[in-house]
Every structure is written in C-alpha cells, then in structure tokens.
1. Can you pull out the trypsin sites (Lys or Arg not before Pro) in the stretch 313-390 that DSSP calls coil and that have at most 15 other Cβ atoms within 10 Å?
2. Provide H309, H398, H240 in ascending order of the number of other Cβ atoms located within 10 Å of each residue's Cβ, fewest first.
3. Working out 0.36 nm times the residue gap between T161 and A551, then minus their Cα-Cα distance, what length gain in nm do you get to one decimal?
4. Sort D178, D451 so the one with the fewest other Cβ atoms within 10 Å of its own Cβ comes first.
5. Compute the FRET efficiency between L331 and A492 as 1/(1 + (r/R0)^6), taking r as their Cβ-Cβ distance and R0 = 45 Å, and round to the nearest 0.05.
6. Please list, in chain and number order, the residues 5+ apart from T193 or on another chain whose amide H is under 5 Å from its amide H, with Hs placed from the backbone.
7. By counting other Cβ atoms within 10 Å of each Cβ, how are T259, T495 ranked from fewest to most?
8. Do any chymotrypsin sites (Phe, Trp or Tyr not before Pro) in the stretch 222-301 lie in a DSSP loop with no more than 10 other beta carbon atoms within 10 Å, and if so, which?
Amino acid sequence: MAAERRSSRRAAAPILSLPCVSLPLAALLLLAASGTARAFTPATANAGGEANQTGPFANPFPDAGTAAAAPGTLAPPDYRYQGTLPLVMGGLPAPGFTIIPEATLQEEYTDNVLQTETARRWDLITLLTPSLTVGANTPRLNLSLRYAPTLQYYARTPSQTTISQQLMGAGSLTVVPDTLFVNARAYATETPTNGGYAGTGLAAGAPATGLTGFGTTTAGVSRQQLTRIFGESISPYAVHRFGGYGSGTLGATLSHTSTSNSAGGGAQSATTEEADAQFQTGDFFGRVQDTVSADVSRTQGTGVLGGAHQETFTNRLGYALSRQVQIFGELGYENISYGGGVTQRINDAVWRVGGTFTPNPQSQITFSYGHQQGITGLSVLASYALTARTTMTASYTHSTTTYLQQVAAAVGQLGVNQNGAPVNAATGLPLTVVNGALAVQNTVYRTDTLDIGLTTLLDRSTLAFNLDHTEETPVSGGTAGGFAQRATTGTASWTRALSARATASTSFSYGTSSGAGPNGDSRLLSASAQFSYELSRTVSGSASYLFYRRASTEPGLSMYENIVLIGLTKRF
C-alpha cells in the first residue's frame, strides 16, 4: 500500500520544537484555501480522490504482501485513497479550521521510579502538558495535528527530569483540483529502548505521557530506558486522467526519521529522497485492470541506512470475476542495497498472485502469495463486519526492513479515524508504529507480523480485543550484527460513557517475549483503569491507575511497578 518514507541526515535533538517538527503541516495550512466544507468518507477512492463506484472495479486491489520496507519505503505508493480520509482528532471537525489549545497538569506517584528488581524507590512526578490540536475541513485541506510536549519533574530523583515529545499530524492539500496534491505527515513519541512492556498501559484518551504516540505509554519509564522517535515527510504528486483509458500519477517524497536515547547518545538517522510513477488502466478495458509502477529511492544517514538505495519496477494485471471477486497477478524486478557494513543485498524478481473478496460494502478480504524483498510467503489483509456493531480485522505480513524503515512506513500510512484513533489511511485498520514489547535495534532483519482485532461499538460502550505476534530475524550479514526476538501480546479494553460528562475505561494486556535480546525470555503484564469527568465546558479532571509486571529469565530484569495519576485539563 501507499507508504511515505521519512528519515534524517541529522540526529534527533534532545528536545524537539514545534516549528521544527511541523513544517510540512504548517506549509499546508498556509496554502489551504477556504470554502464550503465537504463531508469525509471512508478511504475508498481512486487516484484523483473521487469515489471509484463505477465499473467492475468498485474496490481496488490492496496487497498486504507489499506492506514491507526496502531502504526508504514499504511499497510503491498507491494514491487511489487520497482526499477521502477522515483526518481528525476525536471526531469530525466543523467546517473550516478548528484550533484547540489545552493545558494538562498531573501528579504521578510511582513505587518503582527506576524499574528495578531490588532497591525499589518511590517518587512523585509533576507533569505539565501544554497541547495544541488543529483540525481542518475545507474543500482544499484535510488536516489533523496534535502536539503535546510534557515536562516531567521528579521530586526525589531530579536526574530523571525531562521533556518528552508527542506529535501526530497528517494533512492532505489539493493544490489544483483533480491534478496536483501534497501530502504531509509528522510524528514524534518515545518507546522503551529494551522493550519489555506489553499493551498500551492507559486506555486511549487518557491525558498521560505517551498517549499521542502509538506504542506503549511511557508513564513511569526512566529516561535511560527510553528512545525518542521522530519522523516527517512531504510528498507532492500529480495525477492526470486519459479519459476512460486510465490515469497516471507522478510523485516525489522527501522524508527523514531519527531515533535517540532520551538521556543522550544512541542516535540514528536517515534522509530519503524518492521518486515514483504509476499508470493504471480505466473503465475502457472493462473487467481488466493493469497497473504499471516504478519506484526509486536513495537514503543517506547513519548505520545500515547510510548509502542505501532501492529500485522497484512492477506490473500488476487484475481481472474482475464479479463485483465481489477480483484476482490479480504481478511480475517485476527489484534491486535493494544497504550501507553500514551490511552485506545483505536483494537483486531479484518480484512476483505475486492473489485475489480480493468483497462480501459487502463494509468488508474486504485480500490474500496473496508471492516473492518480494527476498521473502516468499503468504500475506493476508482483512476487515470483516461480523454484525452492524462488530468488526474483525486481521493481517499477516512479512518484510525485510530496519527499525527506522518500520517507523517511517507506518507514519507514512498514518490516518485518524472518526474516534481519533490512529489507523492505516489506505485500509482503515488499526495502526501501530512501535511495539513496546520488542527492543530497538539498528540492523536489517526479516519481520513477520500477525495482527488480529475485534471491536464492538455499543450505544455507550466500546469493547476491543487485539492480538499481535511479531518475529524479527537478522539478515544483515557483515558487521551490522543484531539479534533475533519475538513477542506475542493480547490486549482487551473497555470504554464506557457513564453520563454526558463522565467516562470510564479499563485495559488489560498479557504477553511474552523471547530471544537473544536484552530482556531474555519474559512474561509481560499490564493493567490500567481510568475515570474522567467534565467539570465544566472547558475544565475536566481524571484519575488513573497503572500496573506493570515483567518476569524475566535475565537476572535483575524482573520488576513490577504501581502508578497513580490525577490531573486537570483546561481548554482555552
């Protein structure tokens, strides 16, 4: 699917500033034109952004098998979904622009401030989080941006005092209707460096450190155990239609991604320049759809992405057996090379066969079997409406990638659904940028990921269950090193609107991780509960409880921690 890449020549600064991290989104705001707002619809559009509701190809051919990264990309971009994404935070914005400044003050108690097995130490932490949420709903601009840095002041352990960065932004600008577009993404968060944290900790919506990121909340994690992640990209592209014969797309992406330890050191960064082109046949060819794609990228930076490059050329031929069933086959060639002493190179043919089944407008299942990035295997991507209120999602993907590439690809796919939750903009499935159960490592590895989700929306409650299994196997060769690791995590959550002003939520996660990484074999558990109440139209209060437990085979790494949070949020 579409994937916009980000990386950087420079290391991440200790503290990211809003002017730095949101330049692409600020540019979109300046260029946006005013006018009557249009409604957002789910992502089911073609290259120009208009709904593809005519002809035998009412649904395009999403391919879970291409959700994998080469040195700067997951897959050749597919722009058929642009212009239809509900990119808003916490619901659809009013027509025009919505700007919401807020400030949150919290007090946190922890009984294990350094997450140690022995010599446990309690502390009180004051958290101050000014935040800015910007939404746009105009004919030219769809925008969702939230920036929320947090000052964490430790009363008894001042060496842990820090400022954490949290940013999530996605924007799509129509410069010339049906012809010229610009997409931009920006993202910043923190994740446990050595992994070992299962689930999300606090349920979505809690005003705590790490909530605007997509990984495990970092509440209570020491500075020495945190890695900062930053990514941004800007992608102009042009679309031209040749009547019923088809449409062509020509685009470019400039992006960068970086990571660094919150206490200093361990910086990795990369900058990617990419050009891509695509031509897809139209209704003139009836049941047949042919898509020719070319993608070329160059990456400069540190570690294994220094001097990396990729060229991918593919031709996909599809045939609509009916409006519900489409089949496709793909042939191509790819040339992938890494830097940093990595001997792993992929110079090989690309092939894939598969099909898409659309049993109803709310459901779509795509399966394929093929060879790409040196991997041969089965891939699945599915979203199925079991009932009017319950939806099941599933995906199984594999790729040859790096940590920075995984982050970059996920950020490039970033969209926000009508409930404010991060989703894959092309598929609508839940999006996870980082896995808090796995350690951060700088090498080239094969990753195999299975995700299964089940969500039920009731009148006043939301029930959700997610299962994630991820395996990483180094394939670098040379001097890049790395270690194998795998993790399985199950998370169940419940959120209920108790009244017009009160909301309660709970979350429970259990997982296991193993491998040659720093945590050995571990059993991971987290549980949380939260209550929030709207005291007035502009002031709300919250109280939260979190519990973490890690049982490791490595001496000294087992630990548990209790955290209590109380806070007030003021909207201006």
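1. Sparse-neighbourhood loop trypsin sites (Lys or Arg not before Pro): R323, R389.
2. Listed from fewest to most nearby Cβ atoms, that is H240, H309, H398.
3. 137.7 nm
4. D178, D451
5. After rounding, the FRET efficiency stands at 0.55.
6. Excluding prolines and chain starts, which carry no amide H, the hits are L226, T227.
7. T495, T259
8. When the chymotrypsin sites (Phe, Trp or Tyr not before Pro) of the stretch 222-301 are filtered for loop state and at most 10 Cβ neighbours within 10 Å, nothing remains.
Each reported figure results from applying straightforward, stated rules to the coordinates on display, with no laboratory input. Remember, predicted model here, so these are calculated numbers, not experimental data. All Cβ positions, even for glycine, are placed from backbone atoms using ideal geometry, and neighbour counts span all protein chains on display.
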